[in-house]
Every structure is written in C-alpha cells, then in structure tokens.
Amino acid sequence: MSNKDTLYDELCLSVYTTNRYFHHLYGEVLGDYDLSYLQYMSLLIVYKNKSAKLMDVGKALDLSSNTLTPVIDRLVSKKWLIKVPSEVDRRVKYLKISESKRLVFEQILLNIAIIRDELIATSSKPVSKIISENKVLNETLQKMILARKRENQLNG
C-alpha cells in the first residue's frame, strides 16, 4: 500500500471519528432533553432562521424529506416545534420553535456553547479555517458523487 493510500484511509477514518465524537459529546447535553443530534441540528436551523419550511431544513442538512419528516414529526409530537400555515399560501407550513420550549432550547445552546468554547480554546487552528477546509472537502466529495451518478446513468 502506498503512502497516498495510507493517508487517504487516515483522512476517511479521521472524518468518521470526528463525527462520532461530536455526536457523543453533544449527546451528553442532548440526552437530558431527550433529543438526538439530528433533532438538535433541525431545531438549530429553525431557531437561527426564526422559522423554516421542511425543505429549508432538508437543504441545510442535505437530507431528503422522507428522511427528515419523521424527525420533524417527532419534534412536533414532543412539542419542540409547531407548524404554522403561511399567510400567503395556507398549504405551506412553517416550522417554529414553540414558545414553551424556547427557553429550554436557549439553555441547550448555552450548554453547547461551553463545549464550543472549550474546543475553540484548545484548537491549534482558528475554527473558521477548519470550517473552510472542511467545506472545501465536502464540496469536492459532493462533486465526485454527482460525477459518479452521471457516469452510472450514462453507462447503465
């Protein structure tokens, strides 16, 4: 195996492990609120935007509606989110954090901020640089996926 192969395998393992560690670390906070990491990320998108349509949350998380709908429905049943009809088109529903959970979610954000601040303080690189590099990696992987899909469509 070449050095290039070894480095690539280490990159894949590193990204996978980082994801697992984020889930675990956030899980320590979110478990107290009976929330999964994906539920938290969905709430975060709605919270930051004041409201959002399901497709907006799906786009931000790069998830299809059939994957995201059960997550959102669970958040609605747990009273974290409410569905509000659009004033322009009553068929369109906006997701909003329920007033009864807003302060609870803001407490979660404070608990997550402690983790974030500790991570930032111990990082050898500025977090903005890490995010930028990761974004480039994600964009490259997305382009590769699309290229392979096109190639498979042409050959299949």
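The values are calculated or read from the model by the stated rules, or taken from the named source; none is laboratory data. In this text the structure is predicted, and so the values were computed from the model without any measurement. Cβ sites come from the backbone with ideal geometry, for glycine too, and all protein chains shown count toward neighbours.
General remarks:
- Any chance Ser100 is assigned to a helix (DSSP H, G or I), closer than 21 Å to Asn138 by Cβ and not β-branched (Val, Ile, Thr): no
- If only residues of segment 45-67 that are surrounded by 12 or more Cβ atoms within 10 Å (Cβ to Cβ) and in contact (Cβ under 8 Å) with a residue 40 or more places away in the chain are counted, the one that is farthest from Val88 (Cα to Cα) is Tyr47.
- Each residue in segment 85-106 was checked for being of a type in the set (Gly, Ala, Ser) and surrounded by fewer than 12 Cβ atoms within 10 Å (Cβ to Cβ), and 1 pass.
- Lys149 vs. criteria out of contact with any Phe, Trp or Tyr (no Cβ under 8 Å at 6 or more places or on another chain), outside any helix (DSSP H, G or I) and charged (D, E, K, R): no
- Residues located in segment 111-141, provided they are free of Cβ contacts under 8 Å to residues at least 12 places away in the same chain and among the polar types (S, T, N, Q): Thr122, Ser123, Ser124, Ser128, Ser132, Asn134, Asn138, Thr140
- From the list Glu139, Glu106, the one residue that fits, being of a type in the set (Asp, Glu) and either more than 17 Å from the chain's Cα centre (by Cα) or more than 24 Å from His23 (Cβ to Cβ) (or both), is Glu106.
- All positions within segment 107-123 that are touching a Leu at 6+ places or on another chain (Cβ under 8 Å) and loosely packed, with under 11 Cβ neighbours inside 10 Å: none
- The C-beta contact set for segment 78-90 (first residue at positive phi, second residue part of a loop (DSSP other than H, G, I, E, B) and modelled with pLDDT of 90 or more, distance under 7 angstrom, 6+ apart or interchain) comprises Lys79/Ser98.
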